[in-house]
1. Read through the list (1) surrounded by 22 or more Cβ atoms within 10 Å (Cβ to Cβ); (2) touching a Pro at 6+ places or on another chain (Cβ under 6 Å), then give the number of the only condition that Glu63 fails.
2. What pairs can you find where one residue is in region 50-77 and over 10 Å from Ala200 (Cβ atoms), the other is of a type in the set (D, E, K, R) and surrounded by fewer than 21 Cβ atoms within 10 Å (Cβ to Cβ), and their Cβ atoms are less than 8 Å apart, with a gap of 6+ or different chains?
3. Please tell me if Pro315 is free of Cβ contacts under 8 Å to residues at least 24 places away in the same chain, over 28 Å from Thr159 (Cα atoms), out of contact with any Leu (no Cβ under 9 Å at 6 or more places or on another chain) and not hydrophobic (A, V, I, L, M, F, W, C).
4. List pairs: first in region 184-213 and among the charged types (D, E, K, R), second part of a helix (DSSP H, G or I), Cβ under 8 Å, 6+ apart or cross-chain?
5. With the condition kept exactly as written, say whether any residue in region 90-99 is in a helix (DSSP H, G or I), of a type in the set (A, V, I, L, M) and under 23 Å from the mean Cα position of the chain (by Cα).
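Just so it is clear, none of the values below were taken in a lab; they were calculated from the coordinates. For clarity, every value in this text was computed on a predicted model and none was experimentally measured. Neighbour counts are summed over all protein chains in view; Cβ atoms, including those assigned to glycine, are modelled from backbone coordinates with ideal geometry.
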Amino acid sequence: MVQLKEFGYRLLSAPYELIFKEKMDPGVQRLFAGTSYVAAGTLFGALLTTVFNILGARILGPEGFGSLALVTSVGTILAISMGITVMPMVKYASETRDDSVRSLIISTSYVQVVVIMTASMAIYVVFSAYLSQLFGVPTALFFFAVIYSVVGAFFALTTNTLRSIFKMRIYGLCNALQSIIIVAVFLLFVSNDMKSWQAAVSSVYIANVAISLILLVYLKDYVKMQFDRFWWKKITTYAFIIIPGSLAAALMVIDRIFINRFMTPADVGIYHAYFLPSITVTFTFWGIFNAGFFPYASRSRDKHSILLRVNKAVPYAILTFVPLTLATQLLFFTLYGSQYPFVFQTSFFFALASAAAIIYLCYSYLMGAEGPRGAKVNSFSSVIALAVLIGFDLILIPKIGISGAAAALIFAYSIPTIYLFSRRDLLRV
């Protein structure tokens with residue numbers, strides 16, 4: 001194992017020194033070590049998730065695939081309130097080195113999530129008719145989205161707890177196991193002639209619940225029946241600061257709802273087919289890196305030095321993600337089949353949006369790691385992103401359709417990045 005780590009450090013040191021013009025210090029080595037564990041599990045899981053998405057696209061067709069995308073999009077919006085304390089939990093629990101304090105922070109956050117989740121579900125059920133009309137989806141689809149929000153929030157809470165205690169190997173393993181269960185269950189449904197978007201969504205339900213229950217047993221030393229008013233206040237204060245940003249970030253899936261209103265569910269499916277090999281792949285890579293990056297940045301006392309490294313990495317991100325996204329989209333559309341037409345203009349817009357997204361995420365999470373002041377700035381940047389996205393969606397989707405939605409993403413990630421960079425002095429202290 002030691003020899004394998006040394007090999008990994010040597011493998012990573014060459015590109016690191018090329019970009020940053022410096023040797024990897026021990027802190028960076030630990031970050032990359034943790035990231036490598038997450039990468040192994042997440043990339044394996046991403047490969048299986050890709051299989052699931054391609055099978056789903058081919059079996060369900062654009063309309064069924066569009067319904068699946070609407071369930072996940074609406075569910076993501078509904079889950080906003082349920083996951084509001086997760087990021088503060090990761091920040092404060094990763095900062096402390098005392099396991100008893102860490103357990104208190106995590107347990108308090110779990111109590112908050114359960115209370116908020118119960119209240120949210122009650123509201124969604126009571127106002128289901130109104131909310132389904134607001135989202136422009138059938139009531140049956142809306143209820144699937146409600147269940148998706150609950151199991152998704154549960155899964156996010158338990159897996160992010162692993163990040164709080166720096167259990168990156170287990171975190172990576174859970175990402176892989178989740179995808180294995182999703183694909184296995186979906187294939188079981190398909191083999192029994194259950195070829196619908198409901199079957200696809202149910203596969204995700206089963207995987208998320210299974211992993212979450214396993215993790216609750218694994219985390220029994222940290223998740224206890226205890227509640228601390230001091231940490232409740234700190235978590236709640238941080239959560240209220242990031243509520244606008246979290247709400248805005250989750251609402252970034254609103255482009256599917258606009259496409260559904262201006263066009264058809266089949267067009268949502270085609271848009272989702274572009275989104276998966278571009279933005280989703282980009283967020284997968286970011287999730288691998290950020291699993292260790294945010295706790296590392298939160299603990300670091302010299303966040304300005306991290307900012308300088310991010311600045312140096314920006315050109316390489318553009319040179320990497322644009323061609324990578326174009327190639328990935330071409331491969332995906334070859335596998336999707338003839339039901340999904342490939343348009344180079346749309347693909348290129350998504351490639352540029354992917355590069356803009358990864359740059360925005362780097363500055364965003366670094367600013368969020370600064371503390372309450374940085375969280376306020378970061379939250380406002382998310383609001384800017386959503387406002388820009390909605391504005392350009394309303395203008396461009398009616399005019400140029402799916403390509404317009406892709407172009408809107410470029411502006412939605414680029415403009416708030418400029419704002420974050422203008423506030424970089426906050427990271428000097």
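1. Among (1) surrounded by 22 or more Cβ atoms within 10 Å (Cβ to Cβ); (2) touching a Pro at 6+ places or on another chain (Cβ under 6 Å), Glu63 violates only (1).
2. Taking only residues 6 or more apart or on different chains, the pairs are Pro62/Asp267; Gly66/Asp267.
3. Working: free of Cβ contacts under 8 Å to residues at least 24 places away in the same chain: yes; over 28 Å from Thr159 (Cα atoms): yes; out of contact with any Leu (no Cβ under 9 Å at 6 or more places or on another chain): yes; not hydrophobic (A, V, I, L, M, F, W, C): yes.
It is true that Pro315 is free of Cβ contacts under 8 Å to residues at least 24 places away in the same chain, over 28 Å from Thr159 (Cα atoms), out of contact with any Leu (no Cβ under 9 Å at 6 or more places or on another chain) and not hydrophobic (A, V, I, L, M, F, W, C).
4. Matching pairs, first to second residue: Lys195/Ile59; Lys195/Leu60; Lys195/Phe189.
5. Among the residues of region 90-99, at least one is in a helix (DSSP H, G or I), of a type in the set (A, V, I, L, M) and under 23 Å from the mean Cα position of the chain (by Cα), which makes the answer yes.
Here is a yes/no grid of residues against (1) touching a residue at least 60 places away in the same chain (Cβ under 8 Å); (2) in contact with a strand residue (DSSP E or B) (Cβ under 8 Å, 6 or more places away or on another chain); (3) closer than 24 Å to Thr328 by Cα:
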{"position": "Arg229", "(1), (2), (3)": "no, no, no"}
{"position": "Val268", "(1), (2), (3)": "yes, no, yes"}
{"position": "Ile288", "(1), (2), (3)": "yes, no, yes"}
{"position": "Lys303", "(1), (2), (3)": "yes, no, no"}
